[in-house]
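Reading through the structure tokens given below for one structure.
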Amino acid sequence: MSTAQENVEYAAEEAPRLEWAEHAPDVYKAMIRLDSVAKRGLDPKLYELVKIRASQLNHCAFCLDMHTKDALAAGESVERIVQLSAWQESRHFYTEKELAAIELTEAVTVLTGGTSQTTSGGGFVPDEVYAKAAKHFDEAELSQLVAAIAVINAWNRFGVTFRKTPGHYQPGQYR
């Protein structure tokens, strides 16, 4: 029996520009090590929400594929993952601590703050965003959170630059 969806012809899958990990294996291994230490002490679901949100902002399809699958495997709900791109309007899906982490993720990823540390315009993490995160995370946890945000941003740059192909990742594949 055939369904309408089986007859749909999707666009061709693009190959990556370059398998960068093969050409820079020491960098890849260092990134894996950095990623593994950056997540220490962070709640696994929060860690994946941060990775998903940064990947949404950076348009990294490969990382979105990976981290949505890892989030689901960690017990995250489909509803919270779907609502993440509109978290400001969907605040009631998240805890205040998660909201502070998501907002910090955006600020660190986009550097939306001022041209100076006290004015708005672009270039810094705004004091109010940092203060909100510092209210919910102790100093060690906040340091780990910023490290996790920095690491996913680096992964996103590799994924977007080399056009890593989404859709083939299996949860936990790279652990």
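The values are calculated or read from the model by the stated rules, or taken from the named source; none is laboratory data. Please read all numbers here as calculations on a predicted model, not as lab measurements. Here Cβ is always computed from backbone atoms with ideal geometry, including for glycine, and neighbour counts include all displayed protein chains.
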**Asked** Considering only residues of the range 53-70 that are among the hydrophobic types (A, V, I, L, M, F, W, C) and surrounded by fewer than 24 Cβ atoms within 10 Å (Cβ to Cβ), which is farthest from V82 (Cα to Cα)?
**Response** F62
**Prompt:** Which residues, taken from the range 121-168, are surrounded by fewer than 16 Cβ atoms within 10 Å (Cβ to Cβ), in contact with a Ser or Thr (Cβ under 8 Å, 6 or more places away or on another chain) and not in a helix (DSSP H, G or I)?
**Reply:** G121, G122, G123
**Request:** Return the only residue of K97, K132 being basic (K, R), modelled with pLDDT of 95 or more and over 18 Å from the mean Cα position of the chain (by Cα).
**Result:** K132
**Request:** Output the number of residues of the range 1-47 satisfying the condition of being assigned to a helix (DSSP H, G or I) and among the polar types (S, T, N, Q).
**Result:** 3
**Fill in**
Filtering the range 1-33 for residues that are surrounded by fewer than 16 Cβ atoms within 10 Å (Cβ to Cβ), within 26 Å of A71 (Cβ to Cβ) and touching a residue at least 60 places away in the same chain (Cβ under 8 Å) leaves a count of 5
